[in-house]
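The values are calculated or read from the model by the stated rules, or taken from the named source; none is laboratory data. Because the structure is a prediction, the values reported are computed rather than measured. Methodologically, a virtual Cβ is constructed for each residue, glycine included, from the backbone with ideal geometry; neighbour enumeration extends over all protein chains shown. Side chains are part of the model used for accessible areas, which takes the heavy atoms of the whole protein and leaves out ligands, DNA and RNA. Shrake-Rupley method; radii C 1.70, N 1.55, O 1.52, S 1.80 Å.
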Amino acid sequence: MARNRGFVVGFAALICAALLSISAAASIRPISDAHRSAALELFVPVDGSFPSLEETYEALRTFQILGVGKTSDISGATCPVVLDKLRSSTSSPKEFFNALRLIGILGCQIGSQTFENVASHLQALIKDADSLMDLYYSVISLLHIKGQGVSAVLSDAEGVFHSIKALSQSDGRWRYDSNNAESSTYAAGIALEALASVVSLADAEVDQSKIGIVKHDIEKLFDSIKSYDDGTLYFDEKHVDGSEYKGPLTTTASVVRGVTAFAAVAGKLNIPGDKMLGLAKFFLSIGVPGSTKDLFHQIDALSCLESNRISIPLILSLPATVLSLTSKDQLKVEVTTVFGSAAPPLTVNLVQASSYDKNTPVLENQELQFDTENNIHYLDILPLKIDVGMYTLEFEISLHDPENLNIYATGGRTNALAFLTGTIKVDKAQIGVFDSDAESAATMQKLDLSQDNRISLAANHLQRMRLTFQLVTPLGHNFKPHQVFLKLRHESKVEHIFALESSARQFKIILDFLGLVEKFYYLSGRYEIELAIGDAAMENSFLRVLGYIDLDLPEPPEKASRPPPQPVDPYSRFGPKPEISHIFRSPEKRPPKELSFAFLALTLVPLVGFLIGLLRLGVNFKGFPSSSVPALFSILFHAGIAAVLLLYGLFWLKLDLFTTLKALGLLGVFLIFVGHRTLSHLASTSAKLKTN
């Protein structure tokens, strides 16, 4: 049973895995609510704050872009730290940088005098800075101060521009300082962002020839861009020490931030729109990152691409990549920006739909209709007579307004995968048993797999069993699924699985029992016949019992292999256990009730004799103490004796031996004490009488 369950689960898992892989790989989707949920789960403050100002900015910037979270919950604990960093004379350029970029998000109340003091301090740091990172932190910090309405002007903007540009290399990359011979792609993004800030802070226009040189450097930098087969583009380091290696995501995000920032101050750059679209696809293809750093870099870089002066990428995506012909699903296409904003007026054309396996076109030049209410382009695929299977769809976007060609990047033609499913008909299904030399004369029984009808067959080892059927798609074409199995299961749970192959437009299998006797372990008896047909495109995949066949196989020889032990169902230990029946010892034979009462009366005779003796002899109370203390001890002594007699009675009726001994031990100590006092008083009284 466990083995059969495993076969069913594995059969279904293969089909589900195929559909999930198609859905995951077929279409790149814009930023969704999954990213917003991930941001709230990954960026979690502790006691109202994050561990550092850098992490605080990454969290709040991500929240700000995605439109989630509340900055008011963080400002109370963070703004005092920001103020302390700005007022401290020992703060480094990086600490000023992390503190100042938080002010615009949190809205911390900082006096203008504090900003002016920081600005003058940063101006002094810029004059002495000799590394790219110190220049970057200082210049960006001044730009944030300027954003707060405080005067922050670089008097020697040309000199600072030259200092940063001096670290550039001929291939468009940058060095971190003049003493480091290694250049970095990540540093190029940092440098471009710093140069853009210098241009914004300059008191006069920067020499356009210098800006032109930087534009040429950017073109050289994009010559080193790397790509995947699907048009996804990214940047990575070439030869950088392990301590400075940032990874493709961080490196690409740095370049995107630098290039878009420089384009914002220097004007249009000569970068093809296809490359900007390829960068956007790289960030979106990551899906939902699992770390705070990766999520921040992804969202922040995409926000730069969402609105830039080079080319705004337009993302073509399929909300559903698995379409049902039975349900008459429509092919739906969305064209949006990376954050899902509406695209300008455009037309989506299905240039070609090709079979994924054969690469043969089945459809060409179909213009999709536009649903203005839902902002979706759609195409009715049922009238187009497309059969089930996987298809490569090639789309082309045409912008209505020619001016938008310089603003948006459509990427030419875009490919996507789609999977069409439908109901597959099982036709001309027959099964029968025939002699080995009379296949043409076999009597076949028709099978109706749409109903739960079961057949019964009988055969011996000299006969064969044949099963044939056809699979037909909704358009009447032959269908070849991924999974076609025939399983025979013996009464002892021994199973045998056979794969069916298609030939001459049908599936056919012939089981020669004479050649299978050893595989069947010479086990005669009833075998259950089970057929499994499944495919990701087949909506009615099934695992069905066809019936039974009684096999009469010869006796096994002495050295024949025995059936393997069947695995124990792990769930069987949770089933009902056999009932336990207890057998108690028969009670011993007891005497008659009358005899027992007679024995009880006989045991009470001494007590009756004792009472009669007391009445006959009389009770003498002359020796009983008359003073209060001795009289009390005498009363307690007699009460203790009575308690001992009562304890004996309770032991006889209900108490066990151990309880009785414990109580008797306590009473014995009590009797020794009060008895000793009583006897001492009587001895003292008797001695006084003799003396008198």
Among beta bridges that DSSP assigns inside the chain, antiparallel share in %, nearest 5: 85
At the level of C-alpha centres, the distance separating segment 193-226 and segment 88-140, in angstrom, is 23
Please identify the GluC sites (Glu not before Pro) of segment 189-273 that satisfy two criteria: DSSP loop assignment and at most 10 other Cβ atoms within 10 Å. Which are they? Glu205
Which distance in Å, rounded to a whole number, links the C-alpha centroids of segment 368-441 and segment 567-622? 89
Length added when fully stretched, Lys220-Leu384, from 0.36 nm per residue minus Cα-Cα: 54.3 nm
Please report, as a whole percent, how much of the solvent-accessible surface of segment 132-177 comes from carbon and sulfur atoms (probe radius 1.4 Å). 48
State the answer as a single residue: which of Ala38, Thr360, Ala152 lies farthest towards the positive end of the charge dipole of the chain, with beta carbon charges of +1 for Lys and Arg and -1 for Asp and Glu, about the Cα centre. Ala38
Among Leu511, Ser311, Phe96, whose Cα projects farthest towards the positive end of the dipole of the chain, with charges put on the beta-carbon of Lys, Arg (+1) and Asp, Glu (-1)? Leu511
Go ahead and run the numbers for FRET between Val669 and Ser627, Cβ-Cβ distance against an R0 of 25 Å, rounding to 0.05. 0.50
Net charge dipole size for the chain [Lys, Arg +1 and Asp, Glu -1 on Cβ; Debye, nearest 20]: 5060
Determine Rg/Rh for segment 293-388; Rg is computed over alpha-carbon atoms and Rh is the Kirkwood hydrodynamic estimate from the same atoms. 1.06
Relative contact order (percent, whole number), segment 335-454, Cα cutoff 8 Å, 6+ residue spacing: 21
Can you pull the percent of segment 315-421's accessible area that's carbon plus sulfur, 1.4 Å probe, other chains left in place? 43
If you average 1/r across every pair of different Cα atoms in the chain and take the reciprocal, what Kirkwood value do you get, in Å? 35.5
Based on the alpha carbon coordinates of segment 618-686, what radius of gyration and maximum Cα-Cα distance (Dmax) apply, in Å? 14.5, 43
Can you quote the Å³ per residue value for the convex hull of the Cα atoms in segment 425-557, rounded to an integer? 109
Residues Gln566 and Ser502, FRET efficiency given R0 of 35 Å [Cβ-Cβ distance, rounded to 0.05]: 0.60
Share of segment 455-561's accessible area from carbon and sulfur, percent, 1.4 Å? 48
Evaluate the charge dipole of segment 31-154 about its Cα centre and quote only its size in Debye, nearest 20, assuming +1 on the Cβ of each Lys and Arg and -1 on the Cβ of each Asp and Glu. 340
Expressed per residue, the solvent accessible area of the chain in Å² (1.4 Å probe) is about 55
Roughly what would the spin-label model give for Ser178 and Ser596, points 7 Å off Cα along C-beta, in nm? 11.7
Suppose the chain between Lys519 and Ser89 were pulled fully straight at 0.36 nm per residue; how much longer would it get relative to their current alpha carbon spacing? 146.1 nm
Would you mind calculating the gained length between His162 and Glu539 on full extension (0.36 nm times residue separation, minus the Cα-Cα distance), in nm to one decimal? 129.1 nm
Remind me, relative contact order of segment 31-154 in percent, using alpha carbon pairs under 8 angstrom and six or more residues apart? 22
Working with all protein chains in place, sort Tyr648, Tyr521 by solvent-accessible area computed with a 1.4 Å probe, largest first. Tyr648, Tyr521
Quick one: if the Förster radius is 45 Å, what FRET efficiency do Ser32 and Lys127 give, using the C-beta to C-beta distance and rounding to 0.05? 0.40
Just need the relative contact order of the chain here, percent rounded to a whole number, with Cα pairs under 8 Å and 6+ apart. 9
tail above 24 Å in the computed P(r) of segment 31-154, as % of all Cα-Cα pairs, reads 31
Once the mean 1/r over all distinct Cα pairs of segment 80-135 is inverted, what Kirkwood radius in angstroms do you read off? 11.7
Filter on Lys146/Lys220; Lys519/Lys559; Lys487/Lys508; Lys165/Lys210; Lys385/Lys425 - keep pairs with C-alpha separation over 20 Å: Lys146/Lys220
